[in-house]
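The structure appears right after this line, and notes come after that.
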Amino acid sequence: MGLGLALAFFVAPEEAVEGVRQRIFYIHVPIALTAYFCFGLGAWKALLLLWRGDERYDLESYVAIHQGTIFGLLTLATGAIWARTSWGVWWSWDSDQLVLFLTLFLFYCAYFMLRFSIDEGPRRARSSAVYALFGVALIPVSFFAIRLAEDLVHPTAFTREGPQMTASMFTAFCVMWAAVTLLAYVLYRVELAGKRLDRDLRELREALR
Amino acid sequence: MTYLADVAALTRKDLRVALRARDTLPAMLLFVLSTLVVFHFASPDGSADAAAYGLLWVAIVFTALLGLARAWVPEQEHGVLDALVLTPGDRSAIWLGKTLATLVFLVVAQAVALPAFVLFFAPLDLTALAGVLLADLGICAVGSLLAAMAAAGRSRELMLPLLFLPLSIPLVVGGVGAAISADAERYLVLLALYDAVFAVLSWASFEYVVTE
């Protein structure tokens, strides 16, 4: 894992073509993709919870969405840094991808508020699951909503013709993407294990009382 | 047919309760009118007409939140919601009845608010009105479900706006777009899409939100 990350960080610097500030693309895009993926995973676990009723999916869904939110925050932060260096502003309402991501981010922040306001139990698990599913339904609808205005500013590296970059840059990107996905997966497993441990500990304490 | 009879009975009950209590509907009416007046003072002189439509939609969303916050209160006061959930009918009928009743309140509030808006600010054409009606469906469908979710926890008055506002963004985009854009039909299609997706999702998932 550490090796994969180290490789990614050393590969990326080799490939600077347009200048130093372009390198943040290697971090920003994989993190953004991973955030979307985590939200999708969270929603998938939520669906499994509602469908099969197995309680363990609740914690898995929660951890996935937690990771997604963290990566989402990083996406916004790295994006803002890139924006500041490229366009001179920290934020722009003109780009649909930015607004969609912000909407989604706010939506999932509210997910945590929802979770903390309901006491632990099946009610909380189910409400959280339904909310997580609403989140992924929101993605295409929001995308369509925001698409109605033209996207003028956010650079698109992957168009219908394929990746608009040299082969070496594409390789670096893929390595970085794999590394970030791996990082997310490791964080997910670690957090899930930690949360399960917390829960088991709490249950033991209750039993011993 | 019993499903529709259940829904009709629940809607009628909600309407009767609200009309007898005489609190939610007058509150919504007064709120939306006061908000429009405040917006007049909040807009600087010479600001564009287009900005007024944005303010209209903010007023609509917050008026709807006001109505939705009170939506499940009658059911919570005497454990009525649990009783309804225990009845042998389909639980989604509870959601549908509540959605339709909230829709009636919202439409009535807008029947007063929209003429006031035209009087104070700017005209509204047919596509703008169609946008308002389509968005109302979305607001009530999603709002009823989220209000039920929020009601399950603590600090429910705080939770509902937090849960609802991100989901209301596509509706506001569609509504304002339908009012000001030359290509208003695309925004109406967006609103219809939102309504279809989220109404079905809310209808299907209500059962999971209210049962243990």
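Let me confirm one metric for peptide B:202-212, namely the mean number of other chain beta-carbon atoms within 10 Å of its residues' beta-carbons.
Mean partner-chain Cβ count within 10 Å for B:202-212: 4.
Below 8 Å between Cα atoms, with a sequence gap of 6+, how large is the relative contact order for region B:51-175 in percent?
Values: 79 pairs, mean separation 47.2, N = 125.
Once normalised by length, the contact order is 38 percent.
So if I take the centroid of the Cα atoms in region B:118-172 and the same for region B:80-115, what is the distance between those two points in Å?
14
Could you give the nm distance between label points at A:Val190 and B:Asp183, where each point is 7 Å from its Cα heading toward the beta carbon?
Here the answer is 4.6 nm between the modelled labels.
Taking R0 as 60 Å, what's the FRET efficiency between B:Tyr3 and A:Thr85 from their Cβ-Cβ distance, rounded to 0.05? Mind showing how you got there, number by number?
Working: r = 58 Å, r/R0 = 0.97.
It comes to 0.55.
Send over the Kirkwood Rh of region A:25-155, from the inverse of the averaged 1/r over different Cα pairs, rounded to one decimal Å. Numbers along the way, then the final one.
Details: mean 1/r = 0.0651 Å⁻¹.
Across region A:25-155, the inverse of the average 1/r is 15.4 Å.
Would you mind pulling out the separation of the Cα centroids of region B:19-55 and region A:106-122, in Å?
Using only Cα atoms, the two centres lie 31 Å from each other.
Expressed as a rounded percentage, what relative contact order does chain B have, with Cα pairs under 8 Å and six or more residues apart? Intermediate values should be presented prior to the final figure.
Working: 218 pairs, mean separation 56.8, N = 212.
It comes to 27 percent, rounded to a whole number.
So what is log10(I(q)/I(0)) for region B:9-126 at q = 0.16, 0.17, 0.22 1/Å, when the Debye sum runs over its Cα atoms only?
Summing over Cα pairs of region B:9-126 leads to -0.77, -0.83, -1.17.
With label points built 7 Å along Cα→Cβ from the Cα atoms of B:Glu77 and B:Val118, find their separation and express it in nm.
The two pseudo-label positions are separated by 3.7 nm.
Taking region B:2-210, how much of its Cα-Cα pair set, in percent, is spaced more than 22 angstrom apart?
Details: 10550 of 21736 pairs.
Across region B:2-210, Cα pairs with separations above 22 Å total 49 percent.
Once label points are set 7 Å from the Cα along Cα→Cβ at both A:Arg205 and B:Asp125, what is their separation, rounded to one decimal in nm?
So the label points at A:Arg205 and B:Asp125 sit 6.4 nm apart.
What 222 nm value per residue comes from the helices of the protein assembly as shown, counting each DSSP H run with n ≥ 4 as -39,500 (n - 2.57) and dividing by all residues, nearest 500 deg cm²/dmol?
Working: 15 runs with 342 residues, N = 421.
Using -39500 (n - 2.57) per qualifying helix, the result is -28500 deg cm²/dmol.
Using a 10 Å cut-off around each Cβ, can you sort B:Glu185, A:Glu60 from fewest to most neighbouring Cβ atoms?
B:Glu185, A:Glu60
For B:Leu133 and B:Val107 in the same chain, what is the full-extension length gain: residue separation times 0.36 nm, less their Cα-Cα distance, in nm? Write down the numbers at each step before the final one.
Details: separation 26, 0.36 × 26 = 9.36 nm, distance 0.78 nm.
Stretched fully, the B:Leu133-B:Val107 segment lengthens by 8.6 nm.
Please compute, for peptide B:177-183, the average count of beta-carbon atoms on other protein chains lying within 10 Å of each residue's beta-carbon.
On the way: counts 3, 0, 0, 0, 2, 0, 1.
The mean count of partner-chain Cβ atoms within 10 Å per residue comes to 1.
How high is the relative contact order of region A:25-155, in percent, with contacts defined as C-alpha pairs under 8 Å that are six or more residues apart?
On the way: 142 pairs, mean separation 41.6, N = 131.
It rounds to 32 percent for region A:25-155.
Would you mind putting A:78-85, A:120-127, A:61-68, B:99-106 in packing order, based on average other-beta-carbon counts within 10 Å, highest first?
On the way: A:78-85: 16.8, A:120-127: 18.6, A:61-68: 24.9, B:99-106: 23.1.
Result, highest mean first: A:61-68, B:99-106, A:120-127, A:78-85.
Excluding same-chain residues fewer than 8 positions from B:Lys13, which lysines have a Cα within less than 29 Å of its Cα?
Here the lysines satisfying the reach criterion relative to B:Lys13 are B:Lys98.
What ranking do B:197-208, B:133-144, B:53-64, B:17-28 get when scored by the average of other Cβ atoms within 10 Å per residue, highest first?
B:133-144, B:53-64, B:197-208, B:17-28
Using only Cα atoms, tell me the angle between helix B:126-151 and the longest principal axis of chain B; keep it within 0 to 90° and round to the nearest 10.
Roughly 40 degrees, rounded to the nearest 10.
Bear in mind that the values in this text are calculations on the coordinates, not laboratory data. Just so it is clear, the structure is predicted and the values come from calculations on it, not from any experiment. Cβ coordinates were reconstructed from backbone atoms using ideal geometry, including for glycine residues, and neighbour counts include every protein chain displayed.
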